[in-house]
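Participant: I'd like to ask you about the structure that follows.
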Amino acid sequence: MSAPESAVAPATAQALRSPTRIVIIDDEQDMRASISQWLSLSGFQPETYASAEEALSVLGPDFPGIVVSDIRMPGMDGMALLKRLMGLDATLPVILITGHGDVPMAVEAMRLGAWDFLEKPFDPERMADLARAALKARALALESRALRNELADGSTLMRRLVGNSTEMVRLREDLLDYGQADGHVLIDGETGTGKTLVAHALHAVGPRAGRKFVSVSCAGVEDDALAARLFGPVALGGLPLVEEARGGTLCLEDVEALSPALQGRLLTFINDQPAPPATRIVAICNDHGPGRTLEDVLRPDLYYRLAAMKLTLPPLRTRGEDILALFKSYATDYSEEYGCPAPDLSAQDAAYLLQAPWPGNIRQLISIAEQAVLQNRRGSGSVVSLVMAENEASGGALTTEGKPLKDYVEAFERTLIDNTMRRHKGSIVAVMEELCLPRRTLNEKMAKYGLSRADYV
Ligand SMILES: Nc1ncnc2c1ncn2[C@@H]1O[C@H](COP(=O)(O)OP(=O)(O)O)[C@@H](O)[C@H]1O
Ligand SMILES: [Mg+2]
């Protein structure tokens, strides 16, 4: 595989640019003009089309914007257009404009995946609000899709980077930046926070994707043996690891275990390389011991050489909402693997998951998700009891470290909407009724929590 730099960068840039286009479709010239005028007055960039057929020529799967369409039109009508668009891209927000008394049609439109509908004559203020929320949801959907595709391009491993907390969003950005920058990187963080995964991702999103990724642990090996493995000489026919990884990445796990002498040799090796380096070093610190920092375990000169690009992965207990997203993602995977439904999280389950101390971080959470699925298959036990048992085993207490009340409230809200949507198989109307929520509030909350109607239908 050749350097995929150009393949990675444009997709990222596009994902970071917010979608702004609003395609307005109406066979009536006056109607088109007035909607368009209102939206431009509100600061949007509307474009008008007299028929669905005409508009389809500019609409595609990753269209950077949203659609506002009349339902009744000669030729392809709004419902047929909606079906076509949902087939192209189920996350494209489509706002339909219905004539007075077309309520059954509007309900059907929502069922098919319309973002929302407006009844004529409509309040222009509300149109602008709807458009704003729809564009925001579009931005989120496109961004996450671009990242997914991009990361999958480099490595299917990266598909798995779950979470939308501020830390996680930041981590994705750093990951892409550092991956592209193609220099040495230092990764730090508690056990199970994703350091090894991130090291692979750094390689996969950079220009070395497809080249060698050589991993070695610096712990538990005699100094001389490790020195020979890394730098040579090695037995007949073999290559020292720094050579084997030439053109690619050498991942040094447990870098804290390197003796001062070997740290010195590593520094010399790094300093002797041109830029960008022939062999990229990604060093992972897995344990700097209680009360000590990375700077205490590495020679300062090596530390500063590596720490120009440093990633510190946050402990799971501080990652709020990500905890639930990760749990769900892994529970879904395991339920597919074991061929049984994923457990429904109750609000109480969610609260426990959020408050557990997670000393084993994501690795521990994955194991709980698997146990929860197996328990569900047997029809016994609860997620709460699993978390409690795990806590007792590790002697940990529940914690609210780093998480404001808002996180719990939001997690509760998200869980509730998610469960209700699932129960009603994506029927917005039924969920609105059950939760006594106006449509708009429900739409906004779903956008906020990254819930998509299409996932429940
Ligand atoms: N952001 C994430 N989303 C989903 N899974 C993750 C994420 N980060 C880590 N994982 C998974 O968690 C487990 C532990 O990650 P790992 O990289 O082995 O942690 P570490 O090297 O820090 O101990 C792995 O199964 C990994 O795939
Ligand atoms: Mg690891």
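The values are calculated or read from the model by the stated rules, or taken from the named source; none is laboratory data. Everything numeric in this text was worked out from a predicted model, so none of it was measured. Every residue, glycine among them, receives a Cβ derived from its backbone with ideal geometry; neighbour counts consider all protein chains shown.
Participant: Looking at (1) under 30 Å from Glu244 (Cβ atoms); (2) touching an Asp or Glu at 6+ places or on another chain (Cβ under 7 Å); (3) surrounded by fewer than 19 Cβ atoms within 10 Å (Cβ to Cβ), can you tell me which one Asp301 breaks?
Facilitator: (2)
Participant: Could you grab me the full set of residues in region 190-210 that are closer than 23 Å to Arg363 by Cβ and more than 6 Å from ligand 1 (Cβ to nearest atom)?
Facilitator: Glu190, Val198, Ala199, His200, Ala201, Leu202, His203, Ala204, Val205 - these are the residues of region 190-210 that are closer than 23 Å to Arg363 by Cβ and more than 6 Å from ligand 1 (Cβ to nearest atom).
Participant: For region 159-209, enumerate the residues that are surrounded by 20 or more Cβ atoms within 10 Å (Cβ to Cβ), within 19 Å of the chain's Cα centre (by Cα) and basic (Lys, Arg).
Facilitator: Arg172, Lys195, listed by residue number.
Participant: Looking at region 334-387, which of its residues are closer than 21 Å to Arg319 by Cα, without any contact (Cβ under 8 Å) to a residue 24 or more places away in the chain and out of contact with any Gly (no Cβ under 9 Å at 6 or more places or on another chain)?
Facilitator: Residue satisfying the conditions is Leu386 alone.
Participant: Being at pLDDT 85 or above and surrounded by fewer than 19 Cβ atoms within 10 Å (Cβ to Cβ) narrows it down to one residue among Ser452, Ser394, Ser427; which is it?
Facilitator: Among Ser452, Ser394, Ser427, only Ser452 is at pLDDT 85 or above and surrounded by fewer than 19 Cβ atoms within 10 Å (Cβ to Cβ).
Participant: Please indicate, with yes or no, whether at least one residue in region 311-318 is surrounded by fewer than 19 Cβ atoms within 10 Å (Cβ to Cβ), in contact with a Leu (Cβ under 8 Å, 6 or more places away or on another chain), closer than 23 Å to Ala204 by Cα and in contact (Cβ under 8 Å) with a residue 12 or more places away in the chain.
Facilitator: Within region 311-318 (the criterion being surrounded by fewer than 19 Cβ atoms within 10 Å (Cβ to Cβ), in contact with a Leu (Cβ under 8 Å, 6 or more places away or on another chain), closer than 23 Å to Ala204 by Cα and in contact (Cβ under 8 Å) with a residue 12 or more places away in the chain), the answer is no, since none of the residues qualifies.
Participant: In the set Ala356, Ala389, Ala369, which member is closer than 23 Å to Thr420 by Cβ and among the hydrophobic types (A, V, I, L, M, F, W, C)?
Facilitator: Of Ala356, Ala389, Ala369, the one residue that is closer than 23 Å to Thr420 by Cβ and among the hydrophobic types (A, V, I, L, M, F, W, C) is Ala369.
Participant: Sticking with this structure for a sec: Sort out for me the helices (runs of 4 or more DSSP H) sitting completely within region 357-457 that have 1 or more residues that are closer than 20 Å to Leu324 by Cα.
Facilitator: 361-378, 383-394, 405-423, 439-448
One line per residue, one yes/no per condition, for (1) in the same structural domain as Asp418 (by TED's automatic domain parsing); (2) over 30 Å from the mean Cα position of the chain (by Cα):
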position	(1), (2)
Pro240	no, yes
Ala245	no, no
Pro260	no, yes
Pro274	no, yes
Val282	no, no
Gly289	no, yes
Leu302	no, yes
Met309	no, no
Phe327	yes, no
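Participant: Give region 159-191 a look and list any residue that's over 23 Å from His288 (Cβ atoms) and within 16 Å of ligand 2 (Cβ to nearest atom), or say none.
Facilitator: Listed by number, the residues that qualify are Arg160, Leu161.
Participant: Additional query: So Gly238 clears everything in (1) in contact (Cβ under 8 Å) with a residue 24 or more places away in the chain; (2) away from ligand 2 (no atom under 16 Å from the Cβ); (3) not aromatic (Phe, Trp, Tyr) except one condition, right? Which one?
Facilitator: (1)
Participant: Applying the selection to region 242-264, what residues are within 16 Å of ligand 1 (Cβ to nearest atom) and on the phi > 0 side of the Ramachandran plot?
Facilitator: Scanning region 242-264 gives a single hit, Asp254.
Participant: Would you mind stating whether Ala204 is over 19 Å from Leu302 (Cα atoms) and not aromatic (Phe, Trp, Tyr)?
Facilitator: yes
Participant: Report the residue count in region 293-308 for those that are outside any helix (DSSP H, G or I) and farther than 28 Å from Leu365 by Cα.
Facilitator: 4
Participant: Of the residues Asp287, Asp296, which is surrounded by fewer than 21 Cβ atoms within 10 Å (Cβ to Cβ), in contact (Cβ under 8 Å) with a residue 60 or more places away in the chain and within 17 Å of Cys218 (Cβ to Cβ)?
Facilitator: One residue alone meets the criteria, Asp287.
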